[in-house]
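Report on one structure; see the data block that follows.
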Amino acid sequence: QLQLVESGGGLVQSGGSLRLSCAASGSIFSINAMGWFRQAPGKQRELVAVITSGGRTNYADSVKGRFTISRDNAKNTVYLQMNSLKPEDTAVYYCKYEVPPYNYWGQGTQVTVSS
């Protein structure tokens, strides 16, 4: 069983930055991809960014050039550096770890960007 603990959310003004972290603990064997998703009120959860075990990354078009995903395999932690934040980035952000055949989700952390 894997437990994911997220941190780093909060309230920030438009144009500001935040860094999210998601640390895994528990029985860890082989973590495949790590990703960040977000869900705004009244909307479906959407992919923000993903990073594979080999370090390949993929981003939603809406965050390209502003967000950077990274991982520290030694710490079993994934990060999301968010720069130039916009009010439309306001959402609950969730991390997801793919440990085949299972997917594990964090509890979510609120990010609010004021205009």
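Once the convex hull of the alpha carbons of the range 39-80 is built, what does its volume come to per residue, in cubic angstrom?
Looking at the range 39-80, the number lands at 85 Å³ per residue.
Do you know the Lys pair count in the chain for C-alpha distances under 19 Å, with sequence separation 8 or more or different chains?
Lysine pairs, 8 or more places apart or on different chains, close enough: 4.
Going by Cα centres, the range 45-115 and the range 1-29 are how many Å apart?
9
Sketch the reach of a paramagnetic label on Ala40 as a point 7 Å from Cα along Cα-to-Cβ, and name the residues of the range 93-107 whose backbone nitrogen lies under 17 Å away.
Residues 93-94 qualify, since their backbone N sits under 17 Å from the label point.
Calculate, in nm to one decimal, what Ile28 and Leu11 gain on full extension: separation in residues at 0.36 nm each, minus their alpha carbon distance.
So the chain would gain 2.9 nm between Ile28 and Leu11.
Taking the Cα centre of the range 1-88 as origin and charging only Cβ (+1 Lys, Arg; -1 Asp, Glu), how large is the dipole, in debye to the nearest 20?
Approximately 100 debye in magnitude.
Laboratory data are not the source of any read-out in this text; all were calculated from the coordinates shown. Here the structure is a predicted model, which means the values were calculated and not measured. FYI the Cβ positions are ideal-geometry reconstructions off the backbone, even for glycines, and counts take in every protein chain you see.
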